[in-house]
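**Q** Here it is: the structure, laid out below.
Nothing in this text is a laboratory measurement; each read-out follows from the coordinates by a stated rule. Only a predicted model underlies this, so the values are computations on that prediction, with no experimental measurement involved. Quick reminder, even Gly has a Cβ in these numbers, built from the backbone with ideal geometry, and neighbours come from all protein chains shown.
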Amino acid sequence: MDSISELFGGAERTRTRPRGFASWSPRQETLGLLARVNAVLGEYQDHLPLTLRQIFYRLVGAHGYEKTEQAYARLGEHLVRARRARLVPMEAIRDDGGTTITPNMWANGEEYFAAVRAQAGELMLTPEAAGMAPQLARVASPFGITVMSSGGFESLTEKYQFAEELAKDDRPAEILSIGDHDPSGVSMFAAYLEDVEAFTRDLGGDATFTRLAVTPEQVREFNLPTAPPKPTDRRAFSGETCQAEALAPDVLAGILRDAIEARIDRRAFERVLRRERAVRRELMEKLS
């Protein structure tokens, strides 16, 4: 995505983590730990997926693993790399996720796909803040567009599962993003899009991301309040920060609505709405 460098304010990202599936050659000691992890997963295969902390406590109780927060963090880092390298099954571990609001307004799945993806393939919305999801869903849901908050932005499991769903369809997918313009929000967005795009591509699909808000242009256009980055934050970023909530709700809704309407086949959408009204009348007549 060309605008990523602009979101960082021109700052250079000198180091990034592996994205998507990535080869890894762990030390012998780490390979031994991964063998114990796979043993735990095999032991509880009827109860998968397990959380990282469940695996940790089983390693401590049955395999003599060190019971410290440092050991827990180290285990988490190893398992992220191991799952990317396919040394541990991706789907066997559950990460914490976010909020997903999927609209239920179509007579069937075919009508939904025909209306929303006739021109641009699958369309989804990912706000950084879970609290904004219901507000944004009021705009997106009438168009049949799913809103998925970014609680799963840092969850490897959810990024992979999201990519799996996107790759199941042979049409390209576009994910619209809304988040803060600051080191945390921009870095999270960049990592998320790079991972999902990489996983989707590796699985045979096609996904792209578009940053709807907040962008540097919007900060200037709407004269939004800004603040300097925290001096302790060492992530790549240059310039002033701005929160997504600084955009007035009606302005943000307008930005989202314009973006959606520019991407859908309006005639197909109107046909679906007419069919939906007819189905609703039929149901009401049967119920009465």
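**Q** Take the Cβ-Cβ distance between ALA11 and GLU77 as r, set R0 to 25 Å, and report the resulting FRET efficiency rounded to the nearest 0.05.
**A** Between ALA11 and GLU77 the formula returns 0.50.
**Q** So if each residue of separation counts as 0.36 nm, and I subtract the Cα-Cα distance between ARG27 and THR226, what length gain in nm does that give?
**A** 67.1 nm
**Q** What shape does region 22-85 have by the C-alpha gyration tensor, where a ≥ b ≥ c are the square roots of the eigenvalues, rounded means a/c under 1.5, and otherwise prolate means a/b greater than b/c and oblate the rest?
**A** Oblate.
**Q** Here's something else I'd like to know. Go ahead and collect, in residue order, the members of region 6-50 whose backbone nitrogen is under 14 Å from a label point 7 Å along the Cα-Cβ direction of GLU66.
**A** 29-30, 33
**Q** Restricting attention to region 229-259, which trypsin sites (Lys or Arg not before Pro) occupy a DSSP loop and are surrounded by at most 12 other Cβ atoms within 10 Å?
**A** ARG234
**Q** What does the extension gain come out to for GLU217 and ARG201, with contour length at 0.36 nm per residue minus their alpha carbon separation?
**A** Length difference between fully extended and current span is 2.8 nm.
**Q** Let me ask you something else. How are the C-alpha pair distances of region 135-196 spread across 5 Å bins, as whole percents from the shortest bin up?
**A** 4, 15, 25, 24, 21, 10, 2
**Q** Treat each spin label as a single point 7 Å out from the Cα along the C-beta direction, and report the GLU282 to GLU245 distance in nm.
**A** Going by the 7 Å Cα→Cβ label model, 4.5 nm.
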